[in-house]
Amino acid sequence: MVLVNSRPLPAFLFETMKAILGTKGRMTQVFDEKGIVHPATIVTAGPLTVTQVKGKEKDGYESAQFGFLAKKESRVNNAQKAKPFQYLREFPFEGAAPESGASVDVSVFAVGDVVTVSAISKGKGFQGVVKRHGFHGGPRSHGQKNKERAPGSIGGGGRAGGRVVKGMRMAGRMGGDRITVRNLKVLQVDLATNTLLISGAIPGHPGTLVEIRG
């Protein structure tokens, strides 16, 4: 991959936090100058298009709305024709306001930038307490039958009037949550293919929408 940071950026991006949307790809590994291997995730990010600018006078705050991944014309109804994108997200800014229609790509990031990544984690369906909460389960001794992964007593009786205490760790749906991972590092930037190589693992399955903030 080739690092590209020579392109002029919109003026407002110098005065706000770096941010971009992308889709998660596969994991890989890269070697640095010292020969140390780093696990990394490939993210196809941007380009984003400014679809709306909100100001303090009218909206009470300053923010720019960005669109990511254009929709097919056959799937866009009349109400969506002004913003024919699959995803819309807002990011705050300070100083000069961006122009509607401006484009943002991966060149807002540089190698070595520390970023925060948010995405929806993989859905794992209905799971028991061992997988969902890390319970050890019951003893593997004689006389045990179908109880190795049972949750055990949940109290009741003299506690909380016999009801289930709020927040009790029990079996239930697992995954499908918005997860944020901090202090990841940008390892490579490739403007030709609109990809970022980010250290470590990030939430979700390949194709998941990823939000990257500097």
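Laboratory data are not the source of any read-out in this text; all were calculated from the coordinates shown. The structure displayed is predicted, hence computed values, not measured ones. Here Cβ is always computed from backbone atoms with ideal geometry, including for glycine, and neighbour counts include all displayed protein chains.
Miscellaneous remarks
- The residue list 125, 214, 22 was ranked by how far each Cα lies along the charge dipole of the chain toward its positive end, using unit charges on Cβ atoms, and 125 comes out on top.
- In terms of its C-alpha gyration tensor, the chain comes out prolate, because a/c is 1.5 or above and the ratio a/b outweighs b/c.
- Fluctuation leader among 186, 108, 130 - the chain, Gaussian network, Cα springs under 10 angstrom: 130
- Spin-label model, residue 97/residue 150: points 7 Å from Cα along the beta carbon direction are separated by 6.5 nm.
- Within the shell of other residues whose beta carbon sits under 12 angstrom from the beta carbon of residue 206, the net charge comes to +3, with Lys and Arg scored +1 and Asp and Glu -1.
- Percent of Cα-Cα distances greater than 23 Å, calculated over segment 28-145: 60
- Estimated purely from DSSP H runs of n ≥ 4, each contributing -39500 (n - 2.57), the mean residue ellipticity at 222 nm for the chain is -500 deg cm²/dmol once divided by its residues.
- Computing FRET efficiency as 1/(1 + (r/R0)^6) for residue 168 and residue 190, where r is the C-beta to C-beta distance and R0 is 35 Å, gives about 0.15.
- Cα point-scatterer Debye curve for segment 106-154, base-10 log of I(q)/I(0) at q = 0.15, 0.32 Å⁻¹: -0.61, -1.22
- For residue 176, the shell of other residues with beta-carbons less than 14 Å away shows a net charge of +4, using +1 for Lys and Arg and -1 for Asp and Glu.
- Overall form of segment 106-214: prolate. Here a/c, set by the Cα gyration tensor axes a ≥ b ≥ c, is 1.5 or more, and a/b is the larger of a/b and b/c.
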